[in-house]
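To start, the structure itself, in structure tokens.
The values are calculated or read from the model by the stated rules, or taken from the named source; none is laboratory data. Computed from a predicted model, the values in this text were never measured in an experiment. FYI the Cβ positions are ideal-geometry reconstructions off the backbone, even for glycines, and counts take in every protein chain you see. Keep in mind that these areas ignore ligands, DNA and RNA; they rest on the heavy atoms of the full protein, side chains included. Shrake-Rupley method; radii C 1.70, N 1.55, O 1.52, S 1.80 Å.
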Amino acid sequence: MDIAKLASTAQALVTPGKGILAADESSGTIKRRFDSINTESTDDKRRDYREMLFRTDGVDAFISGVILYDETIRQDAADGTPMVKVLSDRAIIPGIKVDKGTQPLAGSPNELVTEGLDGLAARLDEYVSLGAGFAKWRALFNVSEGTPSANCIEVNAHALARYAALCQQAGLVPIVEPEVFMEGGHSIETCYAATKATLLEVFAQLERQGVALEGMLLKPNMVVSASSASNRASAETVGAMTVDCFKRTIPAAMPGIVFLSGGQGDDEATANLNAINVEASRVGAPWTISYSFGRGLQAAPLKAWLGKVENVPAAQAAFHHRASLTSAAQQGKYSPDMEKQSARV
Ligand code: 13P
């Protein structure tokens, strides 16, 4: 295992001012996104949409890597260039989602377990040959009375560590994603407790299974109030509670934290990322804190595009603008006033 090479890829993904675009929506998820703009989800439309994002002029200043879905890593752009080459020509590292989604957890039907370990070693070798430099696996934890249960946390953390160890053996940087869901009415304190419990178990399993922390990245949720909570916490509180939770759970040897946006509005996710970075610098936190947003980066360009070729310049301008704001938040330099500056077409 070449730990130095894994560590240098992990560091490149969290270069200051840059983060990751999560464009790895499964077939069902991308269909839902396209339904929201009345666009049919065909192979060509998915290619056109993703190619539009990847070819946005200047966005490589803000994007270090892109997480792809299996379809996209095998796909060519409209002019026949492999999508992977479209990215690597701009020094953007291609990554790949390798989990196979969630199923109800046996014995606890309101909880989920992520599948995809069987045959994973061979799939990882193929993804390396297709040009991937990193991978992603997502575990999901529902928050309700009695959940996440200790069993759900343990089985998902065990699978995350199995996946991470297999990635490093294949030469891929694993992005380890334990997501505490923000759906529901729970408080930020409840989110804090669930996040703390899952991260403690995830890092215990990573240690037990011999994963080299310097050659991986963590993709957690922010510690936030649930989407329907009555009194949603401010960005400053999110910053303070998230950094406090991480100080108690995440070893300093792990180089970078790349947040998911998790269904927050894009402006909310950006303001929270900024507040977390401000707090992290204040306390001298040891990790680089960046982004791996799906909806947080794509909501604006998707809405501007509407599936129409004539909207490509406006959609690319919206994507560039959103990525520049998110990059500013990574550096603790974002303010909500910047939302008003118009996107450059
Ligand atoms: P969101 O930022 O939309 O939560 O997506 C990130 C992701 O990759 C989820 O697995």
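The dipole here belongs to the chain: it is taken about the Cα centre, uses +1 on the Cβ of Lys and Arg and -1 on the Cβ of Asp and Glu, and is about 460 debye. Mean separation of Cα pairs under 8 Å and 6 or more residues apart, divided by the residue count, gives the stretch 105-173 a relative contact order of 46 percent. Take the Cα of Asp57, step 7 Å toward its Cβ, do the same at Gln103, and the gap between the two points is 4.9 nm. Per-residue Karplus couplings for the stretch 311-326, computed as 6.51 cos²θ - 1.76 cosθ + 1.60 with θ equal to phi - 60°, are listed in order as 8, 4, x, 5, 5, 5, 5, 5, 5, 4, 4, 4, 5, 5, 5, 5 Hz, Gly and Pro entered as x.
Residue pairs exceeding 18 angstrom between C-alpha atoms, taken from Lys136/Lys219; Lys303/Lys333; Lys18/Lys45; Lys31/Lys85: Lys303/Lys333; Lys18/Lys45; Lys31/Lys85. Simple rule: put +1 on each Lys or Arg Cβ and -1 on each Asp or Glu Cβ in the chain, find the dipole, and look at Phe203, Ala157, Leu105; the Cα lying farthest toward the positive end is Phe203. Summing Lys and Arg as +1 and Asp and Glu as -1 over all other residues whose Cβ lies under 9 Å from the Cβ of Gln316 gives a net charge of 0. Simple rule: put +1 on each Lys or Arg Cβ and -1 on each Asp or Glu Cβ in the chain, find the dipole, and look at Thr42, Val59, Pro94; the Cα lying farthest toward the positive end is Val59. When DSSP beta bridges are restricted to pairs lying wholly in the chain, around 15% turn out antiparallel.
Sorted largest first by accessible area at a 1.4 angstrom probe radius, with every protein chain in place, the residues Thr288, Thr39 fall in the order Thr288, Thr39.
Cα centroids of the stretch 235-254 and the stretch 9-24: how far apart, whole angstrom? Centre-to-centre (Cα) distance: 19 Å. Hey, rough spin-label estimate for Lys340 and Glu71, points 7 angstrom out along Cα→Cβ, what's it come to in nanometres? Computed distance between label sites Lys340 and Glu71 equals 4.0 nm. Working note: 222 nm ellipticity from helices only, DSSP H runs with n ≥ 4, each -39,500 (n - 2.57), summed and divided by the residues of the chain, gives -14000 deg cm²/dmol to the nearest 500. Subtracting the Cα-Cα distance of Lys333 and Thr42 from 0.36 nm times their residue separation leaves 100.9 nm of extension gain. Principal axis extents of the Cα atoms in the stretch 105-212, from largest to smallest and rounded to whole angstrom, are 44, 25, 22. A convex hull fitted around the alpha carbon atoms of the chain yields 127 Å³ per residue.
The phi-based Karplus calculation (6.51 cos²θ - 1.76 cosθ + 1.60; θ = phi - 60°) puts the 3J(HN,Hα) values of the stretch 32-46 at 4, 4, 5, 4, 5, 10, 6, 10, 6, 8, 9, 3, 5, 5, 5 Hz, whole numbers, x for Gly and Pro.
Hey, what did the chain get for relative contact order, percent, Cα under 8 Å, at least 6 apart?
Numbers: 696 pairs, mean separation 63.4, N = 345.
Dividing the mean separation by the residue count of the chain yields 18 percent.
Around Asn38, what is the net charge, scoring Lys/Arg as +1 and Asp/Glu as -1 over all other residues with Cβ under 15 Å from its Cβ? Charge balance in the 15 Å sphere: +4.
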